[in-house]
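Here is the structure we will look at.
The values are calculated or read from the model by the stated rules, or taken from the named source; none is laboratory data. Since the model is a prediction, treat every value here as computed from it, not as a measurement. Using ideal geometry, Cβ is built from the backbone for each residue, glycine included, and neighbour counts are taken over all protein chains shown. What goes into the accessible areas is simple: the full protein's heavy atoms, side chains included, and nothing from ligands, DNA or RNA. Shrake-Rupley method; radii C 1.70, N 1.55, O 1.52, S 1.80 Å.
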Amino acid sequence: MEFEEVIKTRRSIRSYTDTDVEDEFITKILKAGMQAPGSRLKAEPWEFIVVKDAETREKLGNVAPNTKKAGEAPVVIVPLANINRAHYKLMWQEDMGACTENMLLEACNLGLGGLWIGVAPVEDRMNDIAEIFSLPDGVKPYCMVCIGYPADDVENRFMDKFDESRIYYEKY
């Protein structure tokens, strides 16, 4: 898929088929995430937990009302920020946002659907996920990325979100 097409057609996909996602696709998605810009070269905070196990996905789906879809997706990737590795300790959420968007774009490029489920900065959600995975101090869950083949009734498709009234030049 052309890059411009990926940018324009990527959208949140919340329904998936039961088809397994190929490991090589998961690796490509993780590589795309790791190509994201970070606040300091060689100090990017990202680490990942790839979850295919149904029982663990169900636990993730029960963290909060907005996390239910994690229990329904064939794969959930949990991007983590290792604050100990980050150079700028307060910039980890910006770094992780760029990483997550790259992952979602690559999923679309591969013909997969993806859904970004927010976790940080909500402490209860972060703590619940940290407990599920026994995360060490200094490693913070950022979000959940659901990945799967889109169900027949959904697809990545263009939705025009451009709004010229939100653009200002030189001053507000």
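Just one of (1) modelled with pLDDT of 95 or more; (2) within 26 Å of residue 55 (Cβ to Cβ); (3) open to solvent by 10 Å² or more (accessible area, probe 1.4 Å) fails for residue 121. It is (2).
Pairing residues of the range 127-156 that are part of a helix (DSSP H, G or I) with residues that are open to solvent by 70 Å² or more (accessible area, probe 1.4 Å), at Cβ distances under 8 Å and at least 6 apart in sequence or on separate chains, gives 130/140; 132/59.
Looking only at residues in the range 42-64 that are surrounded by 19 or more Cβ atoms within 10 Å (Cβ to Cβ) and assigned to a loop (DSSP other than H, G, I, E, B), which one is modelled with the lowest pLDDT? So, considering only residues that are surrounded by 19 or more Cβ atoms within 10 Å (Cβ to Cβ) and assigned to a loop (DSSP other than H, G, I, E, B), the one modelled with the lowest pLDDT is 44.
Taking (1) more than 20 Å from residue 25 (Cα to Cα); (2) touching a residue at least 40 places away in the same chain (Cβ under 8 Å); (3) not aromatic (Phe, Trp, Tyr) in turn, residue 75 satisfies each apart from (1).
Test residue 115 against the criterion of being in a loop (DSSP other than H, G, I, E, B), surrounded by 10 or more Cβ atoms within 10 Å (Cβ to Cβ) and either at pLDDT 95 or above or of a type outside the set (Gly, Ala, Ser) (or both), and give yes or no. Against the criterion (in a loop (DSSP other than H, G, I, E, B), surrounded by 10 or more Cβ atoms within 10 Å (Cβ to Cβ) and either at pLDDT 95 or above or of a type outside the set (Gly, Ala, Ser) (or both)), residue 115 does not qualify. Go through the range 4-41 and count every residue that is in contact (Cβ under 8 Å) with a residue 60 or more places away in the chain, over 27 Å from residue 89 (Cα atoms) and assigned to a loop (DSSP other than H, G, I, E, B). Total meeting the criteria: 8.
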